[in-house]
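**Student:** Questions regarding the structure given below will be posed in turn.
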Amino acid sequence: MYVLFKLLHVAAVVAFLGNIVTGLFWHGHAARTRDPKILAHTMDGIIRSDRLFTIPGVLVIIVAGFAAAIIHRYPILRTGWIAWTLLLFSISGFAFMARVAPLQRRLRDMAKAGADSGTFDYAAYHALARRWEFWGAVALATPLAGFVLMVVKP
């Protein structure tokens, strides 16, 4: 059972991190067009992919990770690399819920409004997108550091 939970945990981590990276990539790709229709469509896709991959990935990461640790009899909070990874993962979750997700919706809405009205303020959009990219980087870097800790187990 340990190997099964570990496999599920690692697969969920790959999907979780991969979804964050691809979201940042596709937004950057769309932003180069400065087209509000493309930007709105891209942000809508990123929001949907979070619902399909990021949020379920978080649940599988937590459940499978705890199950594997319990089965393997790791003292979860007394095992440094697990405790630090839990802290980093929590920081990522807070950054996502408090900053990334709300900014994503604002970016999508701003682009949709610009596409509908025909007057799109790309400079304002870009300023907001820079904030989203910063918090997205925080939401990516913290679990990525946790991933490194999980692999090297210092």
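**Student:** Filter the stretch 109-144 down to the residues that are surrounded by fewer than 18 Cβ atoms within 10 Å (Cβ to Cβ) and aliphatic (A, V, I, L, M) and list them by number.
**Tutor:** Ala113, Ala115, Ala123, Ala124, Ala127, Leu128, Ala137, Val138, Ala141, Leu144
**Student:** I've got another one for you. Name the helices (runs of 4 or more DSSP H) wholly within the stretch 7-108 that hold at least 1 residues that are surrounded by 15 or more Cβ atoms within 10 Å (Cβ to Cβ), of a type in the set (Val, Ile, Thr) and in contact (Cβ under 8 Å) with a residue 60 or more places away in the chain?
**Tutor:** Where helices (runs of 4 or more DSSP H) fall fully within the stretch 7-108 and carry at least 1 residues being surrounded by 15 or more Cβ atoms within 10 Å (Cβ to Cβ), of a type in the set (Val, Ile, Thr) and in contact (Cβ under 8 Å) with a residue 60 or more places away in the chain, they are 36-49, 80-95.
**Student:** Could you run through the stretch 97-154 and say how many residues are of a type in the set (D, E, K, R) and within 13 Å of the chain's Cα centre (by Cα)?
**Tutor:** Here the count works out to 2.
Each value in this text was obtained by applying a stated rule to the coordinates, not by laboratory testing. Since the model is a prediction, treat every value here as computed from it, not as a measurement. Backbone-built Cβ (ideal geometry, glycine too); neighbour counts: all protein chains shown.
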